[in-house]
Amino acid sequence: MRNAFFLGLSSLLILLFSFDSFAGSCPTLMKGSDSRTLWRMSPYQPARGVALVVHGLNNNPARMMSIENVLRENRIDVLRLSLSGHNNNLNIFKHVTAEMWERDALRAYCQANERADRYGMPIYYVGYSLGGVIGVTLSSKYKQVHFDKMVLFAPAVAIRRTAFIMRILSTMNPFTIIPNLFNRENYFANSTGTPVSAYRATFELANFANRHPNRQAINVPTLLFIDPLDELVSPSGIRSFIANYRLDKWKTFVVHKRPFSWQSIFHHLLIDAASVGQRRWYEMKNAMIDHLEGKNLIQDHRLSSTPEWEESFYELSDQIIQR
């Protein structure tokens, strides 16, 4: 009995310490994962930073290239993460879980952090939509994860009508494919659609980020881009998240998109010039670089004074815990 107790205690300690450090090697991918990473070094060496860049749900990882190029042109080495299910394998996409994506990102963070440590550089996180919420979740959940700064594009930490959508998804077969609403050339990782299982995994991550954020870990200098007419992420939910957790190092940059082409119709999409327009993309690029360089020239756009869709479109899945 005593031996069993000590065996269990030692196993628990090993588990706890494994979360505190990588013990000299990066975590392995979960079985069934097809996650990939791709280094895109700055042409101007020596670099002055490393950025981990993560795409959105069913977003083609290569479409993050415009963001990556801004970073690379400003002497920041980029590690692009392709999450499981986003490498043209629909069968794997059907079997993704929140835990699998966390492991994908944790392994990529380890790789990026190794380079940052080796050359004494800061490490940044850049994420769009699902990629944004993964950054918040990783920082909150794992003690060994720390980013010096973050840039988040419409992060899915506050999804509209969460409870309503989750009730619908819970009645559906997880392998059911929900077709894409319209074909945005090269923006989708899987042109057929997105499986219910992937939506469930996204909501699980969003729910964790909303209910269990580690303020000390995520309250780092963060620039957050959001369109007030975003169809998926609620600006009022973002505003509440920042206020309730006293994220005083976060700044919001409101992107007023003016639909001018088929790429720009979808307000949630704001990752390149094709989706926001040349002038707005120029402003976003400058804001991103000023933020990473610490120039503090960015004016915080107050979402409270910005018109958006009706507040009734946003429902928090659980009451936010006051801290």
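The values are calculated or read from the model by the stated rules, or taken from the named source; none is laboratory data. Small disclaimer: the values here were computed from a predicted structure and weren't measured. A quick note on method: Cβ atoms are made from the backbone with ideal geometry, for glycine too, and the neighbour counts reach across all protein chains shown. All accessible areas refer to the heavy atoms of the entire protein, side chains included, with ligands and DNA or RNA removed. Shrake-Rupley method; radii C 1.70, N 1.55, O 1.52, S 1.80 Å.
For the stretch 163-172, enumerate the residues that are open to solvent by 40 Å² or more (accessible area, probe 1.4 Å) and either among the hydroxyl-bearing types (S, T, Y) or in a helix (DSSP H, G or I) (or both).
Passing the criteria: F164, I165, M166, R167, I168, S170, T171.
It is to be established whether one or more residues within the stretch 249-261 are touching a helix residue (DSSP H, G or I) at 6+ places or on another chain (Cβ under 9 Å), small (G, A, S), surrounded by fewer than 18 Cβ atoms within 10 Å (Cβ to Cβ) and assigned to a loop (DSSP other than H, G, I, E, B).
Scanning the stretch 249-261, I find at least one residue that is touching a helix residue (DSSP H, G or I) at 6+ places or on another chain (Cβ under 9 Å), small (G, A, S), surrounded by fewer than 18 Cβ atoms within 10 Å (Cβ to Cβ) and assigned to a loop (DSSP other than H, G, I, E, B), so the answer is yes.
Kindly list, by first and then second residue, each pair from a residue in the stretch 28-49 that is closer than 20 Å to E73 by Cα to a residue that is open to solvent by 80 Å² or more (accessible area, probe 1.4 Å) and among the basic types (K, R), limited to pairs with Cβ atoms under 7 Å and residues at least 6 apart or on different chains.
Once the first residue is closer than 20 Å to E73 by Cα and sits in the stretch 28-49, its partners that are open to solvent by 80 Å² or more (accessible area, probe 1.4 Å) and among the basic types (K, R) give S42/R75; Y44/R75; A47/R75; R48/R75.
For the list (1) over 25 Å from M41 (Cα atoms); (2) more than 20 Å from the chain's Cα centre (by Cα), I need the number of the one condition that Y119 fails.
Only one criterion in (1) over 25 Å from M41 (Cα atoms); (2) more than 20 Å from the chain's Cα centre (by Cα) is unmet by Y119, namely (1).
Quick grid of which residues meet (1) out of contact with any helix residue (DSSP H, G or I) (no Cβ under 6 Å at 6 or more places or on another chain); (2) at pLDDT below 95; (3) of a type in the set (F, W, Y):
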| residue | (1), (2), (3) |
| --- | --- |
| F5 | yes, yes, yes |
| L12 | yes, yes, no |
| V70 | no, no, no |
| I76 | yes, no, no |
| E99 | yes, no, no |
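Return the pair list, or none, for Cβ contacts closer than 7 Å from residues in the stretch 166-177 that are within 11 Å of R200 (Cβ to Cβ) and of a type in the set (D, E) to residues that are open to solvent by less than 80 Å² (accessible area, probe 1.4 Å) and modelled with pLDDT of 90 or more, at least 6 apart or on different chains.
That search, which allows pairs on different chains as well, returns nothing.
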